[in-house]
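A.B. asks: The structure follows.
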Amino acid sequence: MAKPILYSGTKNASSWAMRAWLALRAAGYEFDEVVVDIRRPQRFGNLARIGAFSPPASVPVLDTGSTVIFDSIAIMEFANDFCEGGLLPVDAEARARARSLVAWQHAGLSGICGRISFESSFYPQKRRLTNAEQRECGRLFACYEDCLDQSGGPFLFGPVSLADFMHAPSAIRLSRHKADTRQWPRTAEWMRALIAQPLVAEWLNEADQQPHIWFDDYLVPGAEAELAAAQA
Ligand SMILES: N[C@@H](CCC(=O)N[C@@H](CS)C(=O)NCC(=O)O)C(=O)O
């Protein structure tokens, strides 16, 4: 049978592909990677080609040779099955909580990801987070801190798991935007450990070398005024 193919995305753009790639690599699942360029304008033609065999016409897609898995969580769960559950906690309650974190991220993490694109993690200069964004981060960091208090770290549920990989792109974008973690020291330590995790570092090393993908709406309307008021 042909070697499985992961249709992945541009490394400094596709946070969804990153998650699937991390889980498959951590599971020891062997695959060839086809990077689909999702930068504009070529993204439309390239994704249309993916649509010929994958209904959502998005990346990541894993073609195992006998089936097509077209969602990042499904690919991550498949990776976890491949390594006999090694990427989720053994305890049923911890496993369900890890899946809650995975689902929260998949649902957009209460809007944080929409406002701070993955692409902006790689910009040479970053805007400052608004007060509202920092408050949202606080809610998220309190959740991470609680997991880390219970597990003792270094990752959210002890050993690295799907929950860490799912949140890796958010940890990257928030830490690179210097989100204030002073109230959540375990979270700060977890972010450092996750970003230094060898597979995450391998992806980032490539992403950091790619041409920036700029978005006109990077500066949130009103952000500068809010910052000036906060500093006054
Ligand atoms: N729910 C999908 C989302 C994947 C997704 O949105 N991928 C982006 C790239 S990171 C994409 O291909 N988008 C296609 C489009 O926007 O047309 C998953 O988890 O795999």
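A.B. asks: Regarding Arg127, is this residue assigned by TED's automatic domain parsing to the domain that holds Pro211 and either surrounded by 12 or more Cβ atoms within 10 Å (Cβ to Cβ) or near the ligand (Cβ under 10 Å from one of its atoms) (or both)?
C.D. replies: yes
A.B. asks: Check Arg115, Arg135, Arg97, Arg49 and return the single one that is open to solvent by 70 Å² or more (accessible area, probe 1.4 Å), within 14 Å of the ligand (Cβ to nearest atom) and among the basic types (Lys, Arg).
C.D. replies: Arg49
A.B. asks: Could I ask something else about it? Mind checking which residues of segment 75-90 are more than 8 Å from the ligand (Cβ to nearest atom) and within 17 Å of Met18 (Cα to Cα)?
C.D. replies: Met76, Glu77, Phe78, Ala79, Asn80, Leu87, listed by residue number.
A.B. asks: Being among the β-branched types (Val, Ile, Thr) and more than 16 Å from the ligand (Cβ to nearest atom), is that true of even one residue in segment 54-74?
C.D. replies: no
A.B. asks: Is segment 64-82 home to any residue that is in a strand (DSSP E or B), on the phi < 0 side of the Ramachandran plot and out of contact with any Asp or Glu (no Cβ under 9 Å at 6 or more places or on another chain)? Explain how you work it out, then say what you get.
C.D. replies: Of all residues in segment 64-82, those in a strand (DSSP E or B) come to 68-69.
In the following step, the residues that additionally are on the phi < 0 side of the Ramachandran plot were identified as 68-69.
Filter once more, keeping what is out of contact with any Asp or Glu (no Cβ under 9 Å at 6 or more places or on another chain): 68.
Yes, some residue in segment 64-82 is in a strand (DSSP E or B), on the phi < 0 side of the Ramachandran plot and out of contact with any Asp or Glu (no Cβ under 9 Å at 6 or more places or on another chain).
A.B. asks: Considering only residues that are among the aromatic types (Phe, Trp, Tyr) and surrounded by fewer than 21 Cβ atoms within 10 Å (Cβ to Cβ), which ones fall in segment 155-186? I'd like the intermediate steps shown before the answer.
C.D. replies: First, the residues of segment 155-186 that are among the aromatic types (Phe, Trp, Tyr): 155, 157, 165, 184.
Hit for segment 155-186 is Phe155, nothing else.
A.B. asks: Six or more apart or on different chains, Cβ atoms under 9 Å: show the pairs whose first residue is in segment 53-71 and touching a residue at least 24 places away in the same chain (Cβ under 8 Å) and whose second is among the basic types (Lys, Arg) and open to solvent by less than 20 Å² (accessible area, probe 1.4 Å).
C.D. replies: Pairs that qualify, where the first residue is touching a residue at least 24 places away in the same chain (Cβ under 8 Å) and the partner is among the basic types (Lys, Arg) and open to solvent by less than 20 Å² (accessible area, probe 1.4 Å), are Pro60/Arg19.
A.B. asks: Quick one: is Val35 farther than 22 Å from Ala163 by Cβ, crowded, with 21+ Cβ neighbours inside 10 Å and not assigned by TED's automatic domain parsing to the domain that holds Gly152?
C.D. replies: no
The values are calculated or read from the model by the stated rules, or taken from the named source; none is laboratory data. Because the structure is a prediction, the values reported are computed rather than measured. Here the Cβ is made from the backbone with ideal geometry for all residues, glycine too, and neighbour counts use every protein chain on show. The protein model used for the area step is the full one, side chains on, heavy atoms only, and it has no ligands, DNA or RNA in it. Shrake-Rupley method; radii C 1.70, N 1.55, O 1.52, S 1.80 Å.
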